[in-house]
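Below is one structure, written out as structure tokens; the observations come after it.
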There are 2 protein chains.
Amino acid sequence: MTRAAGGCLLVIGGHEDREHGKDVLDRFLELSGGAGAPIVVVTAASTAPDKVWAIYKRAFAALGATDVRPLHLGGPGEAGYAAMAQAIHRAGGVFLSGGDQKRLLRCLAGTPVEAALHAALERGACIAGTSAGASALAARMLAGGYTSLQPLKGAVTLAAGLGFVGGVVIDQHFAQRHRLARLMSVIAEHPHCYGVGIDEDTALLAGPGPVIEVLGAGSVTILDGRAMESNVEEIRRHARPRLLDVRVHLLPSRSRFALEESADGKIQAAPESLRHFIQTMTTKSET
Amino acid sequence: MTRAAGGCLLVIGGHEDREHGKDVLDRFLELSGGAGAPIVVVTAASTAPDKVWAIYKRAFAALGATDVRPLHLGGPGEAGYAAMAQAIHRAGGVFLSGGDQKRLLRCLAGTPVEAALHAALERGACIAGTSAGASALAARMLAGGYTSLQPLKGAVTLAAGLGFVGGVVIDQHFAQRHRLARLMSVIAEHPHCYGVGIDEDTALLAGPGPVIEVLGAGSVTILDGRAMESNVEEIRRHARPRLLDVRVHLLPSRSRFALEESADGKIQAAPESLRHFIQTMTTKSET
């Protein structure tokens, strides 16, 4: 089921520009309802929430935003979650900062704030996450492991994320940190998940409606292992899998695809190779 | 047309072990006819041929080889090419060292030595190349350009190689030097060529017969752009292309595939996704 009209996810690969062009943040503000819209910045992924808030306070103020507030979460059990959820309920946009996605999940999972975020997306808000905040948007997220030059069985472990989108695993700082092998390790063991690698200062916008768009400075790399043949079940842990027929899509900034061509012709109808991915990114799913 | 029985190409990704296990060099010696077989080491790619020869002289001696000689080529016009060609004509194996593939081509192209190498492959010798020597084996080779985090139009230029195999562009030190984006740049503009990325201390063996095998420490990455949709024709030079449906195969060491399963069952019949690649790697072609 496609999300309610208006709701969208803005999945940012980290290091989005906060000083100059601010393409990504500017778009977030627009998607959230414009300069006067209520914006909440969730700093829970970071161990330095005040520092993070100072950066975004300044960046959004420079873009003309007038109603931006931080939401600092110290961890489960902290008082005031219900009040914080209220801030989310009235927000046009919520921005999840970088840091550590496991920390973010420890703070949010099962709280009224998490429920409020899901409700916000359903009623049409823009939910954005950068770096760790981006990874945490999916139902499953990278939670541990090691980096290698080659995909390896068992190199990465996944954990439950916030679940705004299912069927994908998101990685960030993608080209800059040479993370293709790591993302290949993910799909080697999880071939029914797309691997989505997002470069720095780059975002994948999913929605409103069945539309995806890439914005910012870099590209989004999509790994599709659905047709893959592999021997991953037969090999020992830490061995290199044989992977045949992994499909790779590289979408540079300004790529836009929809399931149907838009009436003004500005958005292309997606080719067959991307249609299922668009549905996945713009459909509510728990898995 | 498949090459004559016995002839094979050993395409090595550079830094093959010359001290310890020597899997790759050992296999080269075996494919060349064993310890007593006449072996020629062509050092022309290097600006330090004596140093290169000293390394391989020692490595092959340690493997028991008894008839290994260097072939130093100073450049076109040098006397003695015909005599050098004679050495190739009697060789069971020829090893092209690393260095600079453009230098190698300047020394070999159009000489009797080049013709002798082709004749040697046809009559059943093993032609091996490592690093620059590997790139030069194909009809088209990387000849210039720059490395970027992202595939870019015009990032790389190709030049004519030795042409033992067509329809592929070979890159080496592949995982170690993060060269995927570079190889994607190649297939973005040359979608009818496979991109073949070979890790260090790793080799792709093509032949004898319609069989491929990966040996050594790493993997071989194959990029297949034949089904790719791209906008590369529409974008300006140095811009990032949109690439959809690039097919990637990752073959770790000990992967072996043939067009038909071997009688002893030790070599698997290749899945559909690899069959055309196997034909390409084991068929004579000028393009």
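Every number here is computed from the coordinates shown, using simple stated rules; none is lab data. In this text the structure is predicted, and so the values were computed from the model without any measurement. In this analysis, Cβ positions are derived from the backbone assuming ideal geometry, glycine residues included, and neighbour counts consider all displayed protein chains.
For the reader, a short list of remarks on this structure follows.
- Residues of region B:145-167 that are part of a strand (DSSP E or B) and farther than 24 Å from B:ARG242 by Cβ: B:ALA159, B:ALA160, B:VAL165.
- Condition check for B:LEU244: within 17 Å of the chain's Cα centre (by Cα) and farther than 21 Å from B:CYS8 by Cβ: no
- Residue count, region A:171-194 (criterion: under 13 Å from the mean Cα position of the chain (by Cα) and either of a type in the set (Asp, Glu) or within 12 Å of chain B (Cβ to nearest Cβ) (or both)): 3
- From the options A:ARG247, A:ARG254, residue that is within 12 Å of another protein chain (Cβ to nearest Cβ), basic (Lys, Arg) and crowded, with 18+ Cβ neighbours inside 10 Å: A:ARG247
- Scan region A:93-121 for residues that are surrounded by 21 or more Cβ atoms within 10 Å (Cβ to Cβ), of a type in the set (A, V, I, L, M, F, W, C) and closer than 16 Å to A:ARG140 by Cβ and the total you get is 3.
- Subset of region B:18-43 [hydroxyl-bearing (Ser, Thr, Tyr) and assigned to a helix (DSSP H, G or I)]: B:SER32
- Extreme residue, surrounded by the fewest Cβ atoms within 10 Å (Cβ to Cβ), among residues of region B:195-238 that are at the interface with chain A (Cβ under 8 Å from one of its Cβ atoms) and of a type in the set (Gly, Ala, Ser): B:GLY218
- Scan of region A:261-286 for residues that are touching a residue at least 40 places away in the same chain (Cβ under 8 Å) and surrounded by fewer than 13 Cβ atoms within 10 Å (Cβ to Cβ), ordered by number: A:GLU286
- Filtering B:TYR56, B:TYR146, B:TYR81 for residues that are free of Cβ contacts under 8 Å to residues at least 12 places away in the same chain, surrounded by fewer than 22 Cβ atoms within 10 Å (Cβ to Cβ) and not basic (Lys, Arg) leaves a single hit, B:TYR146.
- Top-ranked residue in region B:259-278 [being assigned to a loop (DSSP other than H, G, I, E, B) and either of a type in the set (Gly, Ala, Ser) or at the interface with chain A (Cβ under 10 Å from one of its Cβ atoms) (or both); ranked as nearest to A:ALA217 (Cα to Cα)]: B:PRO271
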